[in-house]
Amino acid sequence: MKIALASDHAGYPLKQHLVEYLKKQGHDVLDLGTDTPNVPSDYPDAAKAVGEAVLDGRAERGIIACGSGIGACIAANKMDGIYAAIAHDVYSAHQGVEHDQMNVLCIGARIVGSAVAEELATTFVNAKFSGEERHMKRFAKLKAIEDAHRQN
């Protein structure tokens, strides 16, 4: 799978770990920065980079690491067509894809360690949308909200 990853300075070590881990798992990884933990960088920039990569087809899914995961998640969800969620447990990491078509996983690098992050990433990239009628119906409602509140 093509996966875009980015982080702010707080998420940098975890992002670097996941880049190498996912490459070893055979995924095509697009590392969108940041390139150092030593220079402050902002989570909205990381979220924008990952969101744009997913939306323009350079990646099928994205992962963003910031300190808590919260700022990255809020920023990513500002983009039409990006369905980002924080997952710090494996159930949420797959359920978000299976039921809600989550396409961006946000992880708090100050919340989870590298072993848990590996499990989250693996679960997220291996999950598939169920396509069940009830989930299709709910996703259509989500899209209607998105469309109604789109700012031109």
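Values for this structure:
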{"quantity": "Label-to-label distance, nm, for residues given as residue 91 and residue 1 (7 Å Cα→Cβ offset)", "calculated": "2.0"}
{"quantity": "Helix 114-126 vs. the chain, principal-axis angle (Cα, 0 to 90°, nearest 10)", "calculated": "30"}
{"quantity": "Charge sum, other residues only, whose C-beta stays under 11 Å from residue 7's C-beta, Lys/Arg counted +1 and Asp/Glu -1", "calculated": "-4"}
{"quantity": "Label corresponding to Kirkwood radius over Cα pairs in Å when calculated from the structure given, among (1) 19.0; (2) 15.1; (3) 16.5", "calculated": "(2)"}
{"quantity": "Between 0 and 90°, nearest 10: helix 133-148 axis offset from the chain longest Cα axis", "calculated": "80"}
{"quantity": "Check: the chain dipole with +1 on Lys, Arg Cβ and -1 on Asp, Glu Cβ, in debye", "calculated": "260"}
{"quantity": "0 to 90° range, to nearest 10: angle between helix 90-100 axis and the chain longest Cα axis", "calculated": "40"}
{"quantity": "Rough spin-label spacing in nm, given labels placed 7 Å along Cα→Cβ, for residue 118 and residue 136", "calculated": "3.9"}
{"quantity": "Euclidean distance of C-alpha centroids, the stretch 68-91 and the stretch 98-118, integer Å", "calculated": "9"}
{"quantity": "Mean Cβ neighbour count within 10 Å, used as a protection proxy, ranking 56-62, 36-42 highest first", "calculated": "56-62, 36-42"}
{"quantity": "Protection proxy ranking, peptides 43-51, 129-137, average beta carbon neighbours within 10 Å, highest first", "calculated": "43-51, 129-137"}
{"quantity": "Sorted peptide list for 100-106, 111-117, criterion being average Cβ within 10 angstrom, highest first", "calculated": "100-106, 111-117"}
{"quantity": "Over the chain, relative contact order from alpha-carbon pairs under 8 Å, at least 6 apart, %", "calculated": "23"}
{"quantity": "Residue 25-residue 145 pseudo-label distance in nm [points 7 Å out on the Cα-to-Cβ vector]", "calculated": "2.8"}
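Just so you know, all these numbers are worked out from the coordinates, no wet-lab data involved. All of these numbers come straight from a predicted model, not from anything done at the bench. Reconstructed Cβ throughout: ideal geometry from the backbone, glycine too, with neighbour counts over all protein chains shown.
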